[in-house]
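A quick write-up on the structure given underneath.
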Amino acid sequence: MADYLKSTFSGPGIFGALQALALGGPCSWRGDGTYARHLQVGFFRSDTEGTPLAPCFGLKHIGFWRFKWAVTAGARTISCYAKQSVNLEPRPKLVIKANPEVGLLADVVAVKGAGTGWGQIISGFVPTATGVVWVELHNALPDGNYDCFFDHITTT
């Protein structure tokens, strides 16, 4: 038989399986490190969940999805709806990451209340300058593969 790269996920004749994809330098799933963070696995679109109607997006594993939020000086609020498939701690959370350039000196964290139904998470801060902050939506359950859904992200 010809030489081939043996995959731990497949049999002879298969050249291997993609095991990881990294853009940027090293960091952990928490996003800490001096470079960009790795792509989040288990991020998906759900066509059966959503509030009031599908679709929404979900995180299948512990981790988070993040995006940049452009802000101007003055009071700012961000909210979303979250749903966790089990009623366990820790709950889904919304995190506004610190950025001293806009006057946000510490992370702002808001957590969904107890229950398995949809619940609103609201957070905000008062930037002192125009700029950008990272917003993260976390599936925080470390044990098992529990789906966590997010919908209706709004900013003011």
Fill in: Residue, farthest from L88 (Cα to Cα), within the stretch 130-154, restricted to residues that are touching a Gly at 6+ places or on another chain (Cβ under 6 Å) and modelled with pLDDT of 95 or more
D151
Worksheet entry | Yes/no for V133 being within 18 Å of the chain's Cα centre (by Cα), β-branched (V, I, T) and crowded, with 18+ Cβ neighbours inside 10 Å | yes
Worksheet item: Is the stretch 72-85 home to any residue that is in a loop (DSSP other than H, G, I, E, B) and at pLDDT below 90?
Response: yes
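One line per residue, one yes/no per condition, for (1) of a type outside the set (S, T, N, Q); (2) touching a Gly at 6+ places or on another chain (Cβ under 6 Å); (3) closer than 14 Å to A140 by Cα; (4) assigned by TED's automatic domain parsing to the domain that holds E136:
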{"site": "F67", "(1), (2), (3), (4)": "yes, no, no, yes"}
{"site": "S79", "(1), (2), (3), (4)": "no, no, no, yes"}
{"site": "K93", "(1), (2), (3), (4)": "yes, no, yes, yes"}
{"site": "E101", "(1), (2), (3), (4)": "yes, yes, no, yes"}
Fill in: Restricting the stretch 50-85 to residues that are over 17 Å from the mean Cα position of the chain (by Cα) and surrounded by 16 or more Cβ atoms within 10 Å (Cβ to Cβ), the residue that is farthest from I153 (Cα to Cα)
V71
Worksheet, complete the sentence: Listed by first then second residue, the pairs whose first member lies in the stretch 46-58 and is under 15 Å from T116 (Cα atoms), whose partner is small (G, A, S) and surrounded by 13 or more Cβ atoms within 10 Å (Cβ to Cβ), with beta carbons under 8 Å and at least 6 positions apart or on separate chains, are E49/G58; G58/S46
Discussion item. Being surrounded by 13 or more Cβ atoms within 10 Å (Cβ to Cβ), within 18 Å of K60 (Cβ to Cβ), polar (S, T, N, Q) and touching a residue at least 12 places away in the same chain (Cβ under 8 Å) narrows it down to one residue among N139, N99; which is it?
Written reply: N139
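The values are calculated or read from the model by the stated rules, or taken from the named source; none is laboratory data. For clarity, every value in this text was computed on a predicted model and none was experimentally measured. Glycine gets a Cβ as well: all are built from the backbone with ideal geometry, and neighbour counts include every protein chain shown.
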